[in-house]
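J.: Structure in structure tokens, see below.
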Amino acid sequence: EAEFEHLRTDRDRLMLLAGIIRNADARFRDRHQPDVIRRASTIVGRLTSKRYSNIEVDEEDGSLSILEADSGRRVPVGEPLSRGTLDQIYLSLRIGLADHLDASGDRLPMFLDEVLVNWDATRRRAACALLSELSESRQIVFFTCHEWLADEVEHLADAHIVRL
């Protein structure tokens, strides 16, 4: 029984230390992530109504993961995330990259093709608000073959529609 109690104490100590190390590692990565990932993490939180945040790149294999706010767990970018959530992550990365590349110079135009088609209405509204803000400092060209989506973007983002 004494040996069992000793093993239990060792296990508890190791579990506590592992938790402290995981927490310190997460704080370190959050503080020292590349600029693009930091920018994209902020954007994805906004697009998903803070359901997801903190995009991370695995240093060993380069894979992406994202923090699920409710559970606090890291979810690999891919299955089982929905097509819409994946599109939100990728759009966040594209905007983060564009902002990073032109932070000290001219603003690059952004061409978006069918990026909102798989999104739910709440997230499309958030995206339109973001795109409207971005359009104040950069030209955004948004392509879609869906009449309903063109009308929605025109209304929500105060966009000028050119029908071809």
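J.: For Leu47, indicate whether it is under 8 Å from the mean Cα position of the chain (by Cα), open to solvent by less than 80 Å² (accessible area, probe 1.4 Å) and modelled with pLDDT of 90 or more.
T.: yes
J.: Might you let me know whether the stretch 65-72 holds any residue that is hydroxyl-bearing (Ser, Thr, Tyr), closer than 18 Å to Ser49 by Cβ, without any contact (Cβ under 8 Å) to a residue 40 or more places away in the chain and open to solvent by 60 Å² or more (accessible area, probe 1.4 Å)?
T.: Yes, some residue in the stretch 65-72 is hydroxyl-bearing (Ser, Thr, Tyr), closer than 18 Å to Ser49 by Cβ, without any contact (Cβ under 8 Å) to a residue 40 or more places away in the chain and open to solvent by 60 Å² or more (accessible area, probe 1.4 Å).
J.: Before we move on, is Asp10 of a type in the set (Asp, Glu), modelled with pLDDT of 85 or more, farther than 29 Å from Ala121 by Cα and in contact with a Leu (Cβ under 7 Å, 6 or more places away or on another chain)?
T.: no
J.: Kindly establish whether Val57 is among the β-branched types (Val, Ile, Thr), open to solvent by 40 Å² or more (accessible area, probe 1.4 Å) and out of contact with any Asp or Glu (no Cβ under 7 Å at 6 or more places or on another chain).
T.: It is true that Val57 is among the β-branched types (Val, Ile, Thr), open to solvent by 40 Å² or more (accessible area, probe 1.4 Å) and out of contact with any Asp or Glu (no Cβ under 7 Å at 6 or more places or on another chain).
J.: Please find, within the stretch 1-41, the residue that is farthest from Ser71 (Cα to Cα) out of those that are in contact with a Gly (Cβ under 8 Å, 6 or more places away or on another chain) and open to solvent by 70 Å² or more (accessible area, probe 1.4 Å).
T.: Arg39
J.: Turning to a different aspect of this structure: State whether the residues of the stretch 96-111 include one that is open to solvent by 40 Å² or more (accessible area, probe 1.4 Å) and within 29 Å of Arg22 (Cα to Cα).
T.: Within the stretch 96-111, one or more residues are open to solvent by 40 Å² or more (accessible area, probe 1.4 Å) and within 29 Å of Arg22 (Cα to Cα).
J.: Of these, Ser63, Ser71, which one is farther than 30 Å from Leu134 by Cβ, under 17 Å from the mean Cα position of the chain (by Cα) and small (Gly, Ala, Ser)?
T.: So the residue among Ser63, Ser71 that is farther than 30 Å from Leu134 by Cβ, under 17 Å from the mean Cα position of the chain (by Cα) and small (Gly, Ala, Ser) is Ser71.
The values are calculated or read from the model by the stated rules, or taken from the named source; none is laboratory data. Since we're looking at a predicted model, the values are computed, not measured. Note: ideal-geometry Cβ built from the backbone for every residue, glycine included; neighbour counts use all protein chains shown. Note: accessible area is taken over every heavy atom of the protein model, side chains too, but ligands, DNA and RNA are not part of it. Shrake-Rupley method; radii C 1.70, N 1.55, O 1.52, S 1.80 Å.
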